[in-house]
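All remarks here apply to the structure that follows.
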Amino acid sequence: MKSALITGITGQDGAYLGKLLLEKGYRVAGIVPRRSTSSLWRLDYLDITDEIDLMDGDILDPASIMRAIRASKPTELYHLAAQSFVASSWNQSLLTAQSTGIGVLNVLEAIRGTNPDIRMYQASSSEMFGKVEKSIQDEETKFYPRSPYGVSKVFGYWMTKNFRESFDMFASNGILFNHESPLRGLEFVTRKVSHAVARIATGKQKELRLGNLAAKRDWGFAGDYVEAMWLMLQQDRPDDFVVATGRTETVEELCRVAFDYVGLNYKDYVVVDPKFYRPAEVDLLLGNPEKAKRQLGWTTKTSFEQLVHMMVEADIVRERLAP
Ligand code: NDP
Ligand code: GDR
C-alpha cells in the first residue's frame, strides 16, 4: 500500500489532496501545527477527518517533521505548508521567510536524514515570476518575485532543485498558478468576492471593499490542481512543471461574473479601498501548461465561470445555514 505524508493538510490544497489520495487507496498522514482553535474545518467539509492520521508537528520544528516521517513511513511527501497569503508577507516577512522558505529546507533535510528514497513534491508558485519577463510564463521564464512570499518561494524552489541534483533525491517543483475553491481562505480575493456576493444576496452585507481591480490572474480549480501534484510524483524522473489554465482574467471580471450569477451589478457594490493595495503588485499572471499536458497528461477541467459559480453557490448555501 502506498502511503503519503502531507504538510499543510489543514489548508485548501491539503484537504483536496488528502481526499484524492484516499480515493486512490493511499494511507494518508498529515502534520498539524498546534493552534488555539481547531483547524480541521476543511477536512470535516470533505468528510475525511477520521481517515487521516493527524500528527502534531510544525515545519519550523525539524525534529517534529522527522518524527512524523518515522511514524508514518511515507513513500511520498507533499510539502504544502507555508505562510501562503502574499499580502501578509510584508507584515510578517521574517515568519514568511522561515515557514515559506526555510520550511522547505527543513523538510528536505528531514527526508535526507531519514529516508532519501521518499518522493517529495514542493508547492512552488507563479508568484516567483512576479514582475513578469514574458506575457505568458512557462518553466523557462526568469523569476522576479515581488513580495517576501515570492522571494521565499524562490528559495524553496532552488533548494528543491539543489537537493535533487546534489543527493539524487526525487524532488519535484509544481509551479502552480492561482487555484481556488469553496475551501479557499476568506482573505484571498476569489473567496472574499464569493463570500461577499452570498452575503449581499442574502441581505447581510451592503458593499465589498477591494484593492487593485486591474490585477490579472490565471485562476483554476484546486480540485483539478491536486491531481497534477500526484501525477508529478508518479513520473520516472523528478522534474518541474507549470500548472495553469492558460487563461487570465482581471479582478474586476471576477466581480462581474460573481455578481452576475445572483442577478446583481458589481458596480453597485464594489468600492475600491487603497487599504487593500499592495506595496508591490504582480500585475499579470498567465501560465503555459503545455509541458504538464505533454508529460503528465494533465489538463484543467473547470472553466473560470464554473469555478466562480461553484464558489458563490457554496457560499450561498453556507449563508442560508448560518445563524
Ligand atoms: P493554505 O493557506 O490554505 O494552507 C496552508 C497550510 O499550511 C495550512 O494547513 C496551515 O496550517 C499550514 N501551515 C502554515 N504554517 C505552518 C507551520 N509553521 N507548520 C505546519 N503547517 C503550517 O494554502 P493552500 O492550500 O492554498 O496552498 C498550499 C501550498 O501551495 C502553499 O505552500 C502555498 O504557498 C502554495 N501555493 C498555493 C497556490 C494557490 O493558489 N492556492 C498557488 C501556488 C502555490 P493552519 O491551517 O493551521 O493555518
Ligand atoms: P495572490 O492571491 O496574491 O495572487 O496569491 P490573492 O487572491 O490574495 O490576490 C490576487 C490579486 O487580487 C488583488 N486584490 C485583492 N486581493 C485580496 N486578497 N484582497 C483584496 O481585497 C483584493 N483586491 C484586489 C491582489 O492585489 C492580487 O493582485 C495566491 C496565493 O494562494 C499564493 O499562496 C499563491 O502562491 C499565488 O496565489 C499563486
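Just to confirm, what accessible area per residue do you get for the range 1-56 at 1.4 Å probe, in whole Å²? Spell out each step's value before the answer.
On the way: 2770 Å² over 56 residues.
Heavy-atom SASA per residue in the range 1-56 reads 49 Å².
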Review point. Hull surface divided by four, with the convex hull built on the Cα atoms of the range 1-102: how many nm²?
Key: 6.6 nm²
Review point. Between residue 47 and residue 265, what length in nm is gained on full extension when 0.36 nm per residue of separation is reduced by their alpha carbon distance?
Key: 74.9 nm
Exercise for review: Evaluate the Kirkwood expression for the hydrodynamic radius of the range 208-323, namely the inverse of the mean inverse distance over all pairs of different C-alpha atoms, and round to one decimal in Å.
Suggested key: 16.3 Å
Exercise for review: Take every DSSP beta bridge whose two residues both sit in the chain, then give the antiparallel share in percent to the nearest 5.
Suggested key: 5 percent
Check your understanding: Computed on alpha carbon atoms, what radius of gyration and Dmax characterise the chain, expressed in Å?
Key -> 19.2, 58
Practice item. Could you please state how large a percent of the accessible area of the range 162-223 is carbon and sulfur, counting protein chains only and using a 1.4 Å probe? Key: 47 percent
Point to revise | Leading residue at positive end of dipole, the chain (Cβ point charges), from 79, 222, 31 | key: 31
Review point. How many percent of the accessible area of the range 106-151 is carbon or sulfur, using a 1.4 Å probe?
Key: 43 percent
Review point. If each of residue 73 and residue 253 carries a label point 7 Å out from its Cα toward its Cβ, how far apart are those two points in nm?
Key: 5.0 nm
Check your understanding: Tell me, what ³J(HN,Hα) does each residue in the range 3-18 have, in order and in whole Hz, if you take phi through Karplus 6.51 cos²θ - 1.76 cosθ + 1.60 with θ = phi - 60° and put x for Gly and Pro?
Key -> 9, 10, 10, 10, 8, x, 4, 7, x, 4, 5, x, 5, 5, 5, x
Review point. At 222 nm, what helix-only mean residue ellipticity would the chain give, in deg cm²/dmol to the nearest 500, using -39500 (n - 2.57) for each DSSP H run of four or more?
Key: -11500 deg cm²/dmol
Check your understanding: How big is the shadow of the Cα convex hull of the range 80-227, averaged over all directions, in nm²?
Key -> 10.4 nm²
Review point. Mind checking the dipole of the chain: about its Cα centre, +1 per Lys or Arg Cβ, -1 per Asp or Glu Cβ, Debye to the nearest 20?
Key: 380 debye
Review point. What's the extension gain from residue 301 to residue 237 if we count 0.36 nm per residue and subtract their Cα-Cα distance?
Key: 20.5 nm
**Study point:** Solvent-accessible area per residue for the range 58-163 (1.4 angstrom probe, square angstrom)
**Key:** 42 Å²
Check your understanding: From the residues 118, 149, 106, which one has its Cα farthest along the dipole of the range 100-159 in the positive direction, the dipole being from +1 and -1 charges on Cβ of Lys/Arg and Asp/Glu about the Cα centre?
Key -> 149
Point to revise | the range 164-317, accessible area per residue, ligands and nucleic acids excluded (1.4 Å, Å²) | key: 42 Å²
Check your understanding: Which value results for Rg/Rh of the range 270-323 when Rg is the Cα radius of gyration and Rh the Kirkwood radius based on the inverse mean 1/r?
Key -> 1.14
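The values are calculated or read from the model by the stated rules, or taken from the named source; none is laboratory data. Please read these numbers as outputs of a predicted model, since none were measured by experiment. In this analysis, Cβ positions are derived from the backbone assuming ideal geometry, glycine residues included, and neighbour counts consider all displayed protein chains. Heavy atoms of the whole protein, side chains included, go into the accessibility calculation; ligands, DNA and RNA do not. Shrake-Rupley method; radii C 1.70, N 1.55, O 1.52, S 1.80 Å.
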